[in-house]
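Working notes, beginning with the structure itself.
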Amino acid sequence: MKFIHAGDLHLGNAFLDLSQLPEWVLENVQSATMRALESLIDTAIHAQVDMILFPGDIYDTHVLNPHIQWLFQHQMERLLAAHIPVVLGFGNHDYTDTVNEQLHLPKNVTVLANQVQTVRLVTQNGENVAISGFSYPQRHLQTSLVADFPDRQAGEDFHIGMYHGAQDHGDYAQFTLSDLNHKHYQYWALGHIHVRQTLQAEPFIGYSGNLQGLNRTEIGPKGFYLVQSNQQGQLIPEFQACAPVIWTQVHVQLTDQMNWAEVIDQIRNQIQRHNKFQLVEIDVEQTPQKLVAGLQSAAFMNQLAERSQVTDNFWIHRVEVKMTVQGSQLMELGAENWQAQKQGLVTSAHLEDLGLKLVDDLELYDYFQKSKTHQDIEQAMDEVIQAIQRGQWHAD
């Protein structure tokens, strides 16, 4: 037997972490989730799989988008032509209590009900397969639904569970490995967690992760599992990358001898070219102090954007600055010298000069006039200075 396990497609996700993108980048990211699905369908047809399982969050929202639904329907029709059945459930993002009101999908697609439902299929090799799962009727499910799943029955060559939820806690149909194992299924196709994760190797219980990374925290290749049975009757998943857009982090070191043109060249040269389009976050480690303000400015991001070309297979969407200043790099601040300077800094008169006199809120004004407030500010300054002298202070 051979099938695909693909969770969390999130079709129509708008990549909200990104802004002010040029048209050529926008075209790449706006179509990413659908192109990932197209790649999955290509693999399914080429590999002649027996079925595809989608355990929840097909769409990014429960508010129906006719265009996105039409695109999904078209891909399902490709599978119909290839005689490949599909079983899908809705999750906490695309939940619905009106399963039957969805856009009409072709007859090869079974949409799971809001209660646990079992679908029975026969593979190309004549194996009898039972697939049990459910759709979310609402965003949160505070209780486990595992007890509603049937035990594996005699005459079933394989029984597969589809479950959209979180392990042990939370508002998303929580479950335990012990409860899942009591059903004696050969495979649990989990959805909801966007990280590829194996909770148990045999029988397999795990998440395939999402099909396409959706934000800067979802780094690296994304895709689905192509699952095949072996001679021992085990179902073995193999990861297949299909995301056309990959979020990456690149670590860069700069020196204070560099001018801004050299800084930009160094950053661009550190990005490894990839056959997939990359959304790159630059992490600048141990940043020279004189470069910090410039690297964090909108003007610098504009310069990076101006250097970008349509032929680039990447876009730098963020620069993260980490400044580590060693004690040897600081001017000498002896304890007595610092105490004298500190007392001159935190006074009512100095705070007035810094803008306190412009404050209209009398309670706030009185707060900054209190000696206790001055002591708290001095203590916070002491902690920062000590951290700098130990080389443990970072400006992010």
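Laboratory data are not the source of any read-out in this text; all were calculated from the coordinates shown. Predicted, not measured: the structure shown is a model, and the values here were computed from it. Note: ideal-geometry Cβ built from the backbone for every residue, glycine included; neighbour counts use all protein chains shown.
Brief remarks follow.
- Beta bridge orientation in the chain: antiparallel %, DSSP, nearest 5: 35
- Euclidean distance of C-alpha centroids, the range 178-231 and the range 128-146, integer Å: 16
- As a calculated quantity, the FRET efficiency between residue 177 and residue 311 at R0 = 56 Å, using C-beta atoms, amounts to about 0.70.
- Estimated distance in nm for a label pair at residue 35 and residue 125, the labels positioned 7 Å out from Cα along Cα-to-Cβ: 3.6
- Cα shape, the range 245-324, gyration tensor, a/c 1.5 rule: prolate
- Point-charge dipole on Cβ atoms (K/R +1, D/E -1) for the chain, about Cα centre, debye to 20: 1040
- Here the ratio of the Cα radius of gyration of the chain to 2.2 N^0.38 Å is 1.31.
- Given R0 = 51 Å, the distance between the Cβ atoms of residue 352 and residue 18 translates into a calculated FRET efficiency of 0.75.
- Three-way shape label, the range 55-186, alpha-carbon gyration tensor, a/c 1.5: oblate
- Whether the range 129-287 is rounded, prolate or oblate, judged on the alpha carbon gyration tensor where a/c under 1.5 counts as rounded: prolate
- J(HN,Hα) series, the range 171-188, from Karplus relation 6.51 cos²θ - 1.76 cosθ + 1.60, nearest Hz, glycine and proline x: 9, 10, 6, 3, 8, 10, 4, 4, 5, 5, 5, 5, 7, 6, 7, 8, 6, 10
- With Cα atoms, 0 to 90° folded angle of helix 32-47 axis to the chain main axis: 30
- Estimated FRET transfer efficiency (residue 269, residue 107; beta-carbon r; R0 56 Å; 0.05): 0.55
- With 32 Å as the limit on Cα-Cα distance, the pairs of 222/290; 107/183; 276/322; 322/370; 2/183 that go past it are 222/290; 322/370.
- Note on the chain: dipole from Cβ charges, positive end direction compared against 121, 52, 37; the farthest Cα belongs to 121.
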